[in-house]
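Undergrad: Would you mind keeping the following structure in view while I ask a few things?
The values are calculated or read from the model by the stated rules, or taken from the named source; none is laboratory data. Computed from a predicted structure; not experimentally measured. A quick note on method: Cβ atoms are made from the backbone with ideal geometry, for glycine too, and the neighbour counts reach across all protein chains shown. Heads up: the accessible areas ignore ligands, DNA and RNA and are worked out on the full protein's heavy atoms, side chains in. Shrake-Rupley method; radii C 1.70, N 1.55, O 1.52, S 1.80 Å.
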Amino acid sequence: MRVLRSGDAAALASAYLRNRAHLARWEPLRPEEYYTEEWQAGDITRRLAARDAGEGYPLGLFAGDELVGRFNLAGITRGPFQSAGLGYWVDSRYTGRGLATAAVREIARAARDELGLHRLEASTLLHNTGSQRVLRNAGFEQIGTAPKYLQIAGIWQDHRLFQRILHD
C-alpha cells in the first residue's frame, strides 16, 4: 500500500473497469468518463492537492503493478477535532482474504502516529456486512445509524456509522 501517484491513473481506471459491477451497489452512480484514465488522472491530481493541503490522503493497494484496492482518508479536520473520514474498496478477486482489515489497521496506525489524528470515522450501508466486519476487526465501533446518509446506486440510503478513537 502506498500513496497514489499521478502515474497510477491507468491502473486505477483499469481497476474500476474490472470492478464496475462489484462496486456498483456500494458507490454513487458514476458517469462513463469516471472509468477513463483521463478522469482518474484528474481525480488523483485533486486528491494529491488535498494531501498537500493536509486535507486528505489517497492510497492504493497493489499486487505488483496491479491496483487491487483503494483507500482514502478525506475531510481531515485539525484543531480540537483531529479527525478524518475513511473510505475504501478491494478488488472483487481479493475480498475475504483479510487485506482490507490489514490495510485499515495500518491506516489507523499511520493516522495516529504520522498524522497525529485522534479519531477516524467510516460508514457502511446497512447490508454491507463485509465492510462492517472489516471495521470491527480493525478496532472500529458502531456509534449509530444515519438515515438517508448518502446517495448510493442512485438511492438515498441509510448507513451504519463507525469510529475508532486513536488516542486514549
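Undergrad: Enumerate the calculated ³J(HN,Hα) couplings along the range 120-137 in order (Karplus 6.51 cos²θ - 1.76 cosθ + 1.60, θ = phi - 60°), each rounded to whole Hz, writing x wherever the residue is Gly or Pro.
TA: 10, 10, 8, 9, 9, 4, 4, 8, 8, 5, x, 5, 4, 5, 4, 5, 4, 5
Undergrad: Count charges around Gly139 for me, please; just the other residues with Cβ under 14 Å from its Cβ, Lys/Arg as +1, Asp/Glu as -1.
TA: On the way: positive: Arg105, Arg109, Arg112, Arg119, Arg133, Arg136, Arg164; negative: Glu106, Glu121, Glu141, Asp168.
Local charge sum for Gly139: +3.
Undergrad: Would you kindly find the accessible area of Ile152, with a 1.4 Å probe and non-protein molecules such as ligands, DNA and RNA excluded, rounding to the nearest 10 Å²?
TA: Roughly 10 Å² of Ile152 is accessible to a 1.4 Å probe.
Undergrad: Run the Debye formula on the Cα coordinates of the chain, all scatterers equal and no solvent, and tell me log10 I(q)/I(0) at q = 0.11, 0.15, 0.16, 0.19 1/Å.
TA: -0.44, -0.86, -0.99, -1.43
Undergrad: Moving to a separate point now. For the pair Leu126 and His167, what calculated FRET efficiency results from E = 1/(1 + (r/R0)^6), where r is the Cβ-Cβ distance and R0 = 22 Å, to the nearest 0.05?
TA: Working: r = 30 Å, r/R0 = 1.34.
After rounding to 0.05, the efficiency reads 0.15.
Undergrad: 5 Å is the cut-off here: which amide hydrogens, built 1.01 Å from N in the peptide plane, fall below it relative to Leu166, excluding neighbours closer than 5 in sequence?
TA: Distant-sequence amide H within range of Leu166: Arg119, Leu120.
Undergrad: Considering only C-alpha atoms, what is the centroid distance from the range 1-77 to the range 99-130, in Å?
TA: What the calculation gives is 17 Å, centre to centre.
Undergrad: Only sites in a loop by DSSP and with at most 11 other Cβ atoms within 10 Å count here; which GluC sites (Glu not before Pro) in the range 63-139 make the cut?
TA: Numbers: sites: Glu66, Glu106, Glu114, Glu121; in loops: Glu114.
Filter output for the range 63-139: Glu114.
Undergrad: Given points 7 Å out from each Cα along the Cα-Cβ axis, report the Arg2 to Arg119 separation in nanometres with one decimal.
TA: Going by the 7 Å Cα→Cβ label model, 3.4 nm.
Undergrad: While we're on this one: Considering all alpha-carbon pairs of the range 1-79, what whole percent are spaced by more than 14 angstrom? Each step should come with its number before you reach the end.
TA: On the way: 1925 of 3081 pairs.
For the range 1-79, the fraction of Cα-Cα distances above 14 Å is 62 percent.
Undergrad: Turning to a different aspect of this structure: Counting only trypsin sites (Lys or Arg not before Pro) that are in a DSSP loop and have at most 16 other C-beta atoms within 10 Å, tell me the longest site-free stretch of the chain. Intermediate results must be reported in sequence, preceding the final value.
TA: Details: sites that count: Arg5, Arg25, Arg78, Arg97.
For trypsin sites (Lys or Arg not before Pro) (loop position, at most 16 other Cβ atoms within 10 Å), the longest site-free span of the chain is 98-168.
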